[in-house]
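See structure below.
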Amino acid sequence: MLPELSRSGNPREPGARLEEAVSLSQAIALNVVDSEVIRVRAPRPATLFGSGQVEMLRASAAASDAELIVIDGALSPLQQRNLERDTGVKIIDRTGLILEIFGERAATHEGRLQVELAHLEYQASRLVRSWTHLERQRGGFGFLGGPGETQIETDRRLIRDRMAKIRRALESVTRTRTLHRERRQRAPYPIVALVGYTNAGKSTLFNRLTGADVMARDLLFATLDPTMRAVELPGIDKVIMSDTVGFISELPTQLVAAFRATLEEVLEADLIVHVRDISHPDSQAQSDDVYDVLAELGIERDGDVPIIEVLNKLDLLDEDRRDGLRADAFHIPVSATTGEGVEAFREKAAAILLESSSVYDLDVPVTDGRGLAWLEAHGRVLDRQLDGETMRMRVRLAPVDHARFAAMAA
C-alpha cells in the first residue's frame, strides 16, 4: 500500500508524484496493492497525519492485507514509530525506500560500502526500533560492552564502530580510484559525463553511443555505479564517456554525501550532458532537481564546466511536439531508443569540446611522418613552412590534443 504525501508548494503534479512513488516501490519488487494521495494541510508532530487519516490508513491496510505502508515523504523516528503502532503495519518513508533500492542495486565494492554507510547514518536516529539486522551480527563480535550498558548504547556503539570502519575502507577505495583518474588525466582524454533524473534514458543513450551493454530498463535507479567507455566523436578520436547514478527529488542527504565519490567523474568532466525525459509531465521539475543536486556538488549551471541539455524520448511525443522541439536551437532533441538526433548530439558535444582549442606553433622533423599525419588528423593546420629538415607548422588543437602530441614527441 502506498499513500503519497502531498503538501502545498510542491511543484510536481500529485498524480505524477504518486506514479513515481509506485515505481520506486516496484523497483525493489514490492507488490503495490493500493495507492492514493493524502493531502496534509497541518502536519502533526506525533503522526504527521490527522487521526482520521491514520484510521483510514489502518482500515485500508487491513482490507488489503498489506504488510507495508510506504509514505512518500520524510518521517521523524517518532512519527514512524507511532504510525506503526496505530496501523499495526510496518512503515517506511521515502528516504528508507530509496536506501533499500540503492542497497539492492549497488554492484561495486565501493557502491555497497557507500550504501551501508548511508543506511547506518539514517538508522542512527532510529535506535528506538528493533535492530534485528544488528542482532544477527552480534554473534560474530564476541563482546558487547561492559555490565550495565543499555541495548541502545550498545547499538549506538556498534553503529559508530562500523561507520568508522566503512569510512576507512572508502578512503582506501577513493585513493585507488584517484590514482586511476590521474592515469587517465595523463593520457589525457576529455571526459563527458551523462547526468539526469532517474529513468531519463541515460544508460540507453550511453549504450547507443558506446556500444556497451549497461543495464537499461524502464526502471528507476537501473544504474547505481559509474560506468565509463571510450568513444569517438567527430574530430576527436577518443573521449571518455561516463554514465552516472540517476538523481531524484528529495534525494536523502545521506546519499548526496555518500555518493559524492561516485559522482567525482562529474566533477572532473570537461562536458556535462544533462539527459531529460521530455515525455514526462514533470520534466521541468525533474530538471530543477538535477541542477539542485549538481549545485550541492559545487557545479553551477553557468559555471566553468559547460552543460548541454539532451531532450530524450522524442519517440514518445506526438508529431506537433516533436516538430516544436526540432526547431529549438537551445536543446538537442533525441530518441536514444530509435537513434534520432543522436548524431546531432555527437556533433554538438564535439564542437563544445573543440571550442577551447588554441593555435600552436610547432616544429616537426620532416622525417616524423607519424607526427605530421597525427597533426593533420587531429588538428587544423593553418600554415606550414619547410625549413631545412624541419616543418614549421601553425596548428589549431584542443589543449588535450596538444598535450598528447607533446607526450608523443617527447
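The values are calculated or read from the model by the stated rules, or taken from the named source; none is laboratory data. Since we're looking at a predicted model, the values are computed, not measured. Neighbour counts are summed over all protein chains in view; Cβ atoms, including those assigned to glycine, are modelled from backbone coordinates with ideal geometry.
Going through (1) under 26 Å from GLU268 (Cα atoms); (2) in contact (Cβ under 8 Å) with a residue 12 or more places away in the chain; (3) in the same structural domain as LEU209 (by TED's automatic domain parsing) one by one, ALA403 falls short only on (3). Looking across the stretch 275-327, just one residue is over 12 Å from GLY196 (Cα atoms) and among the hydroxyl-bearing types (Ser, Thr, Tyr), and that is SER279. Among the residues of the stretch 16-25, those that are surrounded by fewer than 17 Cβ atoms within 10 Å (Cβ to Cβ) and touching a residue at least 24 places away in the same chain (Cβ under 8 Å) comprise ALA16, SER23.
Of all the numbered requirements in (1) surrounded by fewer than 18 Cβ atoms within 10 Å (Cβ to Cβ); (2) in the same structural domain as ILE272 (by TED's automatic domain parsing), ILE332 misses one, and that requirement is (1). For the stretch 346-372, the set of residues classified as modelled with pLDDT under 90 and farther than 26 Å from MET241 by Cβ consists of VAL359, TYR360, listed by residue number. Among the residues of the stretch 377-410, the ones that are more than 23 Å from ILE240 (Cβ to Cβ), touching a strand residue (DSSP E or B) at 6+ places or on another chain (Cβ under 9 Å) and at pLDDT 85 or above come to 12 in all.
The residue of the stretch 198-221 that is modelled with the lowest pLDDT, among those that are among the aliphatic types (A, V, I, L, M) and either part of a helix (DSSP H, G or I) or in contact with a Lys or Arg (Cβ under 8 Å, 6 or more places away or on another chain) (or both), is ALA212.
Scanning the stretch 226-251 for residues that are part of a loop (DSSP other than H, G, I, E, B) and buried (at least 19 other Cβ atoms within 10 Å of the Cβ), we see that the one that is modelled with the lowest pLDDT is PRO226. Name the single residue that is surrounded by the fewest Cβ atoms within 10 Å (Cβ to Cβ) among those in the stretch 58-86 being in contact with an Asp or Glu (Cβ under 9 Å, 6 or more places away or on another chain) and in a helix (DSSP H, G or I). Only one residue tops the list, namely ALA63. Considering each residue of the stretch 47-69 in turn, at least one proves to be modelled with pLDDT of 90 or more, within 28 Å of the chain's Cα centre (by Cα) and under 19 Å from LEU97 (Cα atoms). Looking at the stretch 141-162 only, could you name the residues that are modelled with pLDDT under 80 and charged (D, E, K, R)? Scanning the stretch 141-162 gives GLU149, GLU153. In contact (Cβ under 8 Å) with a residue 60 or more places away in the chain, under 21 Å from LYS238 (Cα atoms) and within 42 Å of the chain's Cα centre (by Cα), is that true of ALA350? It is true that ALA350 is in contact (Cβ under 8 Å) with a residue 60 or more places away in the chain, under 21 Å from LYS238 (Cα atoms) and within 42 Å of the chain's Cα centre (by Cα).
For the stretch 362-397, the set of residues classified as among the β-branched types (Val, Ile, Thr) and either surrounded by 15 or more Cβ atoms within 10 Å (Cβ to Cβ) or assigned to a strand (DSSP E or B) (or both) consists of VAL364, VAL381, THR390, VAL395, listed by residue number. Residues that are among the basic types (Lys, Arg) and touching an Asp or Glu at 6+ places or on another chain (Cβ under 9 Å) were ranked within the stretch 311-331; the one that is modelled with the lowest pLDDT is ARG322.
Figure legend. Inter-residue proximity from the stretch 113-126: first residues buried (at least 19 other Cβ atoms within 10 Å of the Cβ) and acidic (Asp, Glu), second residues assigned to a helix (DSSP H, G or I) and at pLDDT 85 or above, beta-carbon distance below 7 Å, spacing 6+ or different chains. Indicated pairs: GLU116/ILE166.
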